[in-house]
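The values are calculated or read from the model by the stated rules, or taken from the named source; none is laboratory data. All of these numbers come straight from a predicted model, not from anything done at the bench. With ideal geometry, Cβ positions are generated from the backbone for all residues, glycine too; neighbour counts draw on all protein chains shown.
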Amino acid sequence: MPCQGIYYAIHPGLITSENDKEKHFVGVVDLLNLYGLQRHEAIVWDEVSNPEISKKIKYDSLIHLYPRDDCRYFKIPRTTKQQMDLWLRDISMHVIGNGLEECCPDFSCCYPLNENTPKKAKIRFKVAYDERDGVVMYNMINMFITNSYLTTNPEQVINIRGHINAKIH
């Protein structure tokens, strides 16, 4: 984490809207509103006006948010339920806020190679989550880990609530 409480970098810029085929500049305030962020939660990543930024902050340490030509913005999830709803729509985002820092059940928010989780598996996990079926959720998380990039890195450490710093074997 680069700065206390900052997890996002926003990239203002030009888009060509799919709706009206016009060019539009999407600025800082617009991006913050479209993604549902407060100003103190994000930095503006602009290497043109601030070339030192990439020397001060590691690019990969932040979640980068950009203007979208398709105008399909989503509010950053603040709860596990909001995250689950996005995940079911194939949008993988960390929950960060309200004391949480949490990966998607299949870790696809942090490991893009995991983005191919079948819709059926996501729905089954959501049902188990809604029903508070810990056994099914635990087994499915193990399945996600086993079938993922995570198993290729023997030093990888993940935090699962109740099982802190579980080594993956």
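Some notes on this structure:
- Looking across region 48-104 at every residue that is among the polar types (S, T, N, Q), surrounded by 11 or more Cβ atoms within 10 Å (Cβ to Cβ) and farther than 24 Å from Lys122 by Cβ, the one that is farthest from the chain's Cα centre (by Cα) is identified as Asn50.
- Condition broken by Ala42, with the remaining ones in (1) surrounded by 15 or more Cβ atoms within 10 Å (Cβ to Cβ); (2) within 30 Å of Arg124 (Cβ to Cβ) satisfied: (2)
- Of the set (1) in contact with a strand residue (DSSP E or B) (Cβ under 9 Å, 6 or more places away or on another chain); (2) of a type outside the set (Asp, Glu); (3) closer than 20 Å to Leu37 by Cβ; (4) outside the structural domain of Ser17 (by TED's automatic domain parsing), all apply to Lys75 but (1).
- Test: residue in region 48-65 that is of a type in the set (D, E, K, R) and touching a strand residue (DSSP E or B) at 6+ places or on another chain (Cβ under 8 Å): no
- Flag if Ser17 is over 30 Å from Ala128 (Cα atoms), in contact with a Cys (Cβ under 8 Å, 6 or more places away or on another chain) and either in contact (Cβ under 8 Å) with a residue 60 or more places away in the chain or not assigned by TED's automatic domain parsing to the domain that holds Ser92 (or both): yes
- One residue stands out in region 119-169 among those that are within 21 Å of Arg89 (Cα to Cα) and of a type in the set (Gly, Ala, Ser): the one that is modelled with the lowest pLDDT, namely Ser148.
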